[in-house]
1. If you line up the long axis of helix 62-75 against the longest principal axis of the chain, both from Cα atoms, how many degrees apart are they, to the nearest 10?
2. Along the charge dipole of the chain, pointing to its positive end and built from +1/-1 on Cβ of Lys, Arg, Asp and Glu, which listed residue (38, 26, 263) has its Cα farthest out?
3. Which of 50, 169, 270, 80 comes first, and how do the rest follow, when ranked by fewest Cβ neighbours within 10 Å?
4. If you wrap a convex hull around the C-alpha atoms of segment 45-106 and split its volume per residue, what is the figure in Å³?
5. Place the peptides 142-154, 2-14 in order of packing, highest mean first, counting for every residue the other Cβ atoms within 10 Å and averaging per peptide.
6. What does the charge dipole of segment 126-281 about its Cα centre add up to, to the nearest 20 debye, if the Cβ of each Lys and Arg holds +1 and the Cβ of each Asp and Glu holds -1?
7. So what is log10(I(q)/I(0)) for the chain at q = 0.13 1/Å, when the Debye sum runs over its Cα atoms only?
8. Contour minus end-to-end for residue 157 and residue 267, with contour as 0.36 nm per residue of separation and end-to-end as the Cα-Cα distance?
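Rule-based calculations on the coordinates, nothing more; no lab input. All of these numbers come straight from a predicted model, not from anything done at the bench. So basically every Cβ, Gly included, is an ideal-geometry build from the backbone, and we count neighbours across all protein chains shown.
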Amino acid sequence: MGRDRTIASEALRIAQADDEYLSIGCDVERCDGYTVLTSNVCPDMWDANHVRQVDLACGIDLDAFIDRMETLFRSVNREHCKFELDFRTRPQQLATLLRRRDYTCTRGVVQVYRGTGAGLLSSRVTQIEITAQSGQSLLADWAALEQECYSVYDSGTGFADRAAQLSLHRLECAWKLGQDYRAFLALADGGRNSPSQQGSSADRSEGVAVGGCELFRRRGVAKIEGLYVTPPARGSGVGAALLSRALGSAIAAGDDLIYLVAAVDDWPRHMYSRFGFVDLMEISSWLKLLDQDAHQTDSLVW
């Protein structure tokens, strides 16, 4: 019974941290029983344009609710409508109806860190932490990695540029609001050897950015997000070094709950488990491309 209460408490704290994390730099409309996020910086980024925190009254007309959300997203010129559902979602029949209405489901798993912080891997790459206090001299390198990360999803529409701009916008918005949002860079073939160096042009030397990730902190909860390694550097321990660096940063800051979200069927989920992450709960994203064939939605991956 006590363990169940602990898990429920952790789940709620994580859900609240995720609500705050995803709302950074977005327009937030809190309505009666749901919240809508939109972004004019990147209108085609699904994580920044969706419905979440759905807690509707019993007996509500769910078809009418979905119709209302689709109309809302059309009115702001979005080409999609998306719902994020988790353990707080009421009524639970919403998922069944979304499937019936040709929404495509992508399942994610929230994994929490159960390790001790001991034995975190070291790496030959220099890992630099960029915070609001350490300056912004390396943000261009971090944004370039973001652009490269999203380029695989860009079919010539400029999505990768918009997505990178949104990432930078969100980081700077968080800093202006006084939130603890950190970015990490992994530099190879240069830079200083100490992983504790703060970001500055002097720290960089001639290092080449080969990977990055983010850490968002809220009231003792830390989220690791956006882990990316450039293709030539994969398999060389860069991802492990970045994950270790973010973990170490959260542990040093005193966070007692550290989590990340992985795709249920993707291989990184199993890599994270080797670092001491265990599954806590599943979440689901329900996406539909408006005014397009449902089979096109099934083929999309980001």
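1. Once rounded, one gets 60 degrees.
2. So the residue furthest toward the plus end is 263.
3. 270, 169, 80, 50
4. Per-residue hull volume (Cα only) is 90 Å³.
5. The most tightly packed comes first, giving 142-154, 2-14.
6. Approximately 340 debye in magnitude.
7. For the requested q values the scattering log ratios are -0.97.
8. 36.7 nm
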